[in-house]
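S.K.: Below is the structure I would like to discuss, written out as structure tokens.
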Amino acid sequence: MTIRVLSVASEAVPLVKTGGLADVAGALPAAVAPHGVEMTTFLPGYPAVMKALSRPRALHVWDSLLGERARLVSGKIDGHPLLVLDAPAFFQREGNPYVDSSGRDWADNWRRFAAFGRAAADVGGGAVRGRTFALVHAHDWQAAMALAYLRFSPPESGMRVPSVMTIHNMAFQGHYGADVFPALGLPPHAWAMDGVEYHGGVGFLKAGLEAASMITTVSPTYAREIRTPQFGMGLEGLITSRGDRVRGIVNGIDTAQWNPATDIQLSKAFGQLSIGKRVTNKRALEAEFGLDEGDGPLFVVITRLTWQKGIDVLLECIDHLVGIGGRLALLGSGDKAMENAFHAAAMRHPGKVGVRIGYDEGLSHRMQGGGDAILVPSRFEPCGLTQLYGLAYGCVPVVARTGGLADTVIDANLAAVMGGVATGVQFDGVSYASLADAISRAVTLYWQGDTWRAMQRAGMKTDFSWNRSGKAYADLYAALIAEDQ
Ligand code: ADP
Ligand code: GLC
């Protein structure tokens, strides 16, 4: 029997992406399909999403969804079912889904994503004729209110459905003042410690975590880390109290998009047995970044420029990296001060440091295919995808030992190297000393040609496709549905 799941997310490739959440939400339908799950993705009707729909037809109309008129329209995303909340007052704006052109959160984000949650609860709860779902799966704070609405104010015509709340990043929780509560349209008893109330205000993610039948996050290590104040960021108590209802399921990568043997972005395709061909991509990358040609190690970084990613510490380490013969190519955007600091570093080290500020999907592929090592010095990393792409492309990950980075990279300690299972370099604690040391270790390993080659090959051999995790989600859905009956 097919299990119908509504996956509620604020972004999904190929329609809208600001980070890894989009990769995961976009890949899940295909990941669970072989295991008897038909997943429908529910997205806000941003301009890019509306544009991708051919002749949208209204399946449902809300005369007043948190005060605005809205429609439910349907389409396809990569051949899988798609539902879209067409609510122009909330989502028809150019730019980023969450922030305005000056980088500030849209002032009405609480209303936009409460409306999205209300609509998702109606759809997931069975209010739309001909569309019923056995389970609702919400991602991050933007979707979390769906579960609060399902719990406290399910659609009248609907039925009870179990739910999964996935945390992709605990740093974003959607906290608002108590004054927004009346406008949410929830019954008074939802204002409770185990409801939507959070430190005297409203907590969107908190409300979803309280309401969910099961909580998942995107790696086993992060599932443990968020029980502590450092990583739980205020929600550690709630997470701990939910005991074995919190699980880690590691993200996979979409091997149709990320495969060095077929990637049309690369000058030269390659596989495990032809790693030597990567040199053509390295030459092309050097040219693209205006770097000196050379056999020495070329480090790459592909990232949002934020504190989470340890970018401030990376900036401190650039002189060291260059000093020991490394070169660096960075693609990223975010914090303006960090962007400027990278431009300054490139000026300081012409031919050695190349910087591209912006977002460029194609370039990110070429960097994985031509770089020697990818640096991911994150302070916390729920899963991380760039190290997984690195592994698949023979671009050896140098990572902080946290979250998904700890779970997916095997450090090149002596035993791992001798056993031929090392796939990267890990370091503890994000500081100048630890990152500089990790960069030095990587450079030393790089010059031990055979060891490096073995690490590249071991990484490329590791299966980080969605096979296992797709089944893990499907099994979880089936178990929650069975438990509910
Ligand atoms: P996060 O979601 O925290 O940003 P992930 O590693 O899970 O971190 O996912 C980041 C995703 O965004 C990856 O697919 C990565 O390749 C991509 N990415 C990040 N910054 C850029 C950029 N400037 N240009 C292109 N792709 C980027
Ligand atoms: C978040 C996390 C990242 C994770 C991604 C997808 O953006 O920061 O670690 O890989 O979500 O789950």
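S.K.: Checking the condition within 30 Å of residue 101 (Cα to Cα) and either at pLDDT 95 or above or more than 21 Å from the chain's Cα centre (by Cα) (or both), which residue from 365, 349 passes?
M.R.: Just one listed residue meets the conditions, 365.
S.K.: Within the bounds of region 140-159, is there any residue that is at positive phi and within 16 Å of ligand 1 (Cβ to nearest atom)?
M.R.: Yes; the residues of region 140-159 include at least one that is at positive phi and within 16 Å of ligand 1 (Cβ to nearest atom).
S.K.: Name every residue in region 1-42 that is within 16 Å of ligand 2 (Cβ to nearest atom), buried (at least 16 other Cβ atoms within 10 Å of the Cβ) and hydroxyl-bearing (Ser, Thr, Tyr), in order of residue number.
M.R.: 7, 10, 41
S.K.: All but one of (1) more than 20 Å from residue 225 (Cα to Cα); (2) more than 15 Å from ligand 1 (Cβ to nearest atom) hold for residue 369; state the number of the condition that does not hold.
M.R.: All conditions pass for residue 369, except number (2).
Residue by residue, here is whether (1) over 21 Å from the mean Cα position of the chain (by Cα); (2) at pLDDT below 95 holds:
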site	(1), (2)
29	no, no
32	no, no
37	yes, no
43	no, no
49	no, no
77	no, no
94	yes, yes
118	yes, no
124	yes, no
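S.K.: For residue 446, which of the numbered conditions (1) in contact with a Phe, Trp or Tyr (Cβ under 8 Å, 6 or more places away or on another chain); (2) outside any helix (DSSP H, G or I); (3) open to solvent by 30 Å² or more (accessible area, probe 1.4 Å) fails to hold?
M.R.: Answer for residue 446: the failing condition is (2).
S.K.: Can you pull out every residue in region 29-67 that is touching a residue at least 60 places away in the same chain (Cβ under 8 Å), closer than 27 Å to residue 3 by Cα and part of a loop (DSSP other than H, G, I, E, B)?
M.R.: 36
S.K.: Could I ask something else about it? How many residues are more than 16 Å from ligand 2 (Cβ to nearest atom) and surrounded by 12 or more Cβ atoms within 10 Å (Cβ to Cβ) if we restrict to region 162-191? Walk me through how you get there before you give the answer.
M.R.: Keep residues of region 162-191 that are more than 16 Å from ligand 2 (Cβ to nearest atom), which gives 162-163, 175-191.
Next, from what is left, pick out any that are surrounded by 12 or more Cβ atoms within 10 Å (Cβ to Cβ): 162-163, 175-176, 178, 180-181, 183-186, 190-191.
Count: 13.
S.K.: Additional query: Quick one: is residue 458 open to solvent by less than 20 Å² (accessible area, probe 1.4 Å), closer than 19 Å to residue 297 by Cβ, away from ligand 1 (no atom under 16 Å from the Cβ) and modelled with pLDDT of 95 or more? So that I can check it myself, show each step before the final result.
M.R.: Working: open to solvent by less than 20 Å² (accessible area, probe 1.4 Å): yes; closer than 19 Å to residue 297 by Cβ: yes; away from ligand 1 (no atom under 16 Å from the Cβ): yes; modelled with pLDDT of 95 or more: yes.
Judged against the criteria, residue 458 is a match.
S.K.: Here is a follow-up. Closer than 22 Å to residue 161 by Cα and open to solvent by 10 Å² or more (accessible area, probe 1.4 Å), is that true of residue 213?
M.R.: For residue 213, the condition - closer than 22 Å to residue 161 by Cα and open to solvent by 10 Å² or more (accessible area, probe 1.4 Å) - is met.
S.K.: Moving on to the next point. Hand me the list of helices (runs of 4 or more DSSP H) wholly inside region 188-304 holding 2 or more residues that are touching a Lys or Arg at 6+ places or on another chain (Cβ under 7 Å) and of a type in the set (S, T, N, Q).
M.R.: Ranges flagged: 278-289.
S.K.: Can you tell me which of (1) more than 16 Å from ligand 1 (Cβ to nearest atom); (2) buried (at least 22 other Cβ atoms within 10 Å of the Cβ); (3) hydrophobic (A, V, I, L, M, F, W, C); (4) in a helix (DSSP H, G or I) is the one residue 70 doesn't meet?
M.R.: All conditions pass for residue 70, except number (4).
S.K.: What tally of residues in region 1-58 results from selecting those that are within 16 Å of ligand 1 (Cβ to nearest atom) and among the β-branched types (Val, Ile, Thr)?
M.R.: Within region 1-58, residues that are within 16 Å of ligand 1 (Cβ to nearest atom) and among the β-branched types (Val, Ile, Thr) number 4.
S.K.: Grab the helices (runs of 4 or more DSSP H) fully contained in region 343-437, keeping just those with 2 or more residues being within 16 Å of ligand 2 (Cβ to nearest atom) and assigned by TED's automatic domain parsing to the domain that holds residue 326.
M.R.: Details: elements: 361-370, 386-392, 403-408, 414-419.
Answer list for region 343-437: 361-370, 386-392, 403-408.
S.K.: Right, here's the next one. Would you mind finding the one in 318, 311, 324 that is surrounded by fewer than 20 Cβ atoms within 10 Å (Cβ to Cβ), in contact with a helix residue (DSSP H, G or I) (Cβ under 6 Å, 6 or more places away or on another chain) and farther than 24 Å from residue 280 by Cβ?
M.R.: 324
S.K.: Sort through 129, 93, 118, 112 and tell me the only one that's open to solvent by 10 Å² or more (accessible area, probe 1.4 Å) and in a helix (DSSP H, G or I).
M.R.: 118
S.K.: Sticking with this one: Being within 16 Å of ligand 2 (Cβ to nearest atom) and free of Cβ contacts under 8 Å to residues at least 60 places away in the same chain narrows it down to one residue among 334, 323; which is it?
M.R.: Result of the check over 334, 323: 334.
S.K.: Condition first: open to solvent by less than 60 Å² (accessible area, probe 1.4 Å), more than 30 Å from residue 170 (Cβ to Cβ) and within 16 Å of ligand 1 (Cβ to nearest atom). Now tell me which residues in region 330-362 satisfy that.
M.R.: Answer for region 330-362, where residues must be open to solvent by less than 60 Å² (accessible area, probe 1.4 Å), more than 30 Å from residue 170 (Cβ to Cβ) and within 16 Å of ligand 1 (Cβ to nearest atom): 346, 354, 362.
S.K.: Let me ask another. Within region 287-311, how many residues turn out to be in contact (Cβ under 8 Å) with a residue 24 or more places away in the chain and away from ligand 1 (no atom under 16 Å from the Cβ)?
M.R.: Residues meeting the conditions: 7.
S.K.: Residues that are in contact with a strand residue (DSSP E or B) (Cβ under 8 Å, 6 or more places away or on another chain), within 14 Å of residue 205 (Cα to Cα) and of a type in the set (Ser, Thr, Tyr): does region 165-173 have at least one?
M.R.: Yes, region 165-173 has at least one match.
S.K.: Given the criterion modelled with pLDDT of 95 or more, within 16 Å of ligand 1 (Cβ to nearest atom), open to solvent by 30 Å² or more (accessible area, probe 1.4 Å) and within 19 Å of residue 303 (Cβ to Cβ), identify the matching residue among 402, 386, 408.
M.R.: Result: 386 is the single residue among 402, 386, 408 that is modelled with pLDDT of 95 or more, within 16 Å of ligand 1 (Cβ to nearest atom), open to solvent by 30 Å² or more (accessible area, probe 1.4 Å) and within 19 Å of residue 303 (Cβ to Cβ).
S.K.: Now for a separate question. Pairs under 8 Å by beta carbon, first residue in the same structural domain as residue 117 (by TED's automatic domain parsing) in region 186-199, partner open to solvent by 30 Å² or more (accessible area, probe 1.4 Å) and part of a loop (DSSP other than H, G, I, E, B), six or more apart or different chains?
M.R.: Listed pairs, sorted by first residue: 197/191; 199/234.
The values are calculated or read from the model by the stated rules, or taken from the named source; none is laboratory data. Bear in mind the structure is a predicted one, so any value in this text is a computation, not a measurement. Cβ coordinates were reconstructed from backbone atoms using ideal geometry, including for glycine residues, and neighbour counts include every protein chain displayed. Protein only, heavy atoms only, side chains kept; ligands, DNA and RNA dropped before computing areas. Shrake-Rupley method; radii C 1.70, N 1.55, O 1.52, S 1.80 Å.
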